[in-house]
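Please treat every number below as a calculation from the coordinates, not as lab data. Note that the structure is predicted; figures quoted are calculated from it, not measured. For neighbour counting, all protein chains shown are included, and Cβ atoms are generated from backbone atoms with ideal geometry for every residue, glycine included.
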Amino acid sequence: MLGLGLLGGAGAGVWINHDPAAPTPTAAEARRRDFALARGLWHSTPVDTLFPATLHGKGLGPGGAERTWTRIGVAPAGDCREAFDPLLAKVLRPAGCVKLLRATYADATSSAVTTVGLLVTKAEAPTMRKLHNRWISERLGSRGDLMPRPVAFPGTVADGFGDRQRASWTVAVAADLPVVVYAVSGFADGREIAVPQPAASAVSAGATTAPAQAGLGHEADALADAVADRARRAAGSLTATPTGGSG
């Protein structure tokens with residue numbers, strides 16, 4: 001499942017101060033600094049670092065199968081308008097939206113397509129923790145009216161990837177970084193899915209729905225995990241950057 005515990009772990013950051021006369025920051029000050037620095041990952045990190053042209057997943061498919069995904073396209077960095085179903089947009093509103101980054105991938109057989117999103121939020125640590133806790137405690141990730149929307153790319157296998165083609169999805173709110181990561185998957189042939197299934201259910205043993213049998217829950221989970229890990233490392237590099245003089 002989506003490993004934003006890892007992503008959140010980067011939020012602690014490292015405060016490096018080379019001026020021995022400078023006061024030691026409080027924990028709250030360090031968190032505010034790290035959040036401010038981490039928000040810069042959207043313009044400080046190359047797109048190929050967050051969304052590489054090819055991603056490999058060992059043992060991440062159904063039954064532990066290996067997976068390879070090819071990037072179809074990257075959407076321009078933008079705001080969050082029209083990116084989420086209305087109720088999901090309402091739930092995420094307290095976090096705010098600095099920038100939304102999105103890319104769509106196809107699996108090796110070009111039978112599945114998945115959009116991965118990285119939302120950089122305006123919220124500080126207390127708000128992110130509150131939203132994270134609400135997301136978990138209320139099990140909002142299982143609600144079919146709280147889904148992200150895909151990004152289609154004309155002239156590709158994701159040409160017809162729209163709201164009605166969504167088959168499985170996952171959303172994770174980081175507790176200790178200003179970040180939300182999500183992924184939504186579907187069939188590349190454009191077929192409509194009457195009842196999408198959350199990835200957490202689609203990857204469970206014995207799941208027999210079409211999204212589960214096709215491994216679309218695994219697609220969403222694996223790609224979201226991959227981007228979450230890359231965002232974690234990018235944020236960690238930013239928050240570990242030395243500040244102050246060299247003396």
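Spacing of the modelled spin labels on Glu29 and Thr156, each 7 Å from Cα toward Cβ, amounts to 4.6 nm. Residues in the stretch 182-192 carry Karplus couplings, in order, of 8, 8, 9, 10, x, 7, 6, 7, x, 5, 7 Hz; the curve used is 6.51 cos²θ - 1.76 cosθ + 1.60 with θ = phi - 60°, and Gly or Pro positions show x. Across the stretch 151-160, in residue order, what do the Karplus-derived ³J(HN,Hα) couplings come to in whole Hz, using 6.51 cos²θ - 1.76 cosθ + 1.60 with θ = phi - 60° and x for Gly and Pro? Computed from phi, the couplings for the stretch 151-160 are 10, 8, 10, x, x, 10, 5, 9, 4, x Hz. When Leu223, Leu131 are sorted by how many other C-beta atoms sit within 10 angstrom of their C-beta, beginning with the fewest, the order is Leu131, Leu223. What the Cβ-Cβ distance of Glu66 and Ala240 gives, at R0 = 30 Å and to the nearest 0.05, is a FRET efficiency of 0.40. Each residue of the stretch 67-72 is assigned a 3J(HN,Hα), and the resulting list reads 10, 9, 10, 10, 6, 8 Hz, derived from the Karplus form 6.51 cos²θ - 1.76 cosθ + 1.60 (θ = phi - 60°), x at Gly and Pro.
Sorting the Cα pairs of the stretch 27-158 by distance into bins of 10 Å, from 0 upward, gives 11, 33, 36, 18, 2, 0 percent per bin. Between amide H atoms placed 1.01 Å from N, distances below 5 Å from Phe161 occur with Phe153, all of them 5 or more places distant or on a separate chain.
The trypsin sites (Lys or Arg not before Pro) of the stretch 161-214 that meet both conditions, a loop assignment by DSSP and at most 14 other Cβ atoms within 10 Å of the site Cβ, are Arg191. Backbone amide hydrogens, once placed in the peptide plane, bring Thr68 within less than 5 Å of Gly57, Ala108, excluding anything fewer than 5 places away on its chain. Given a Förster distance of 25 angstrom, what is the FRET efficiency for Lys130 paired with Asp229, based on the Cβ-Cβ distance and rounded to 0.05? That pair, Lys130 with Asp229, gives E of 0.55.
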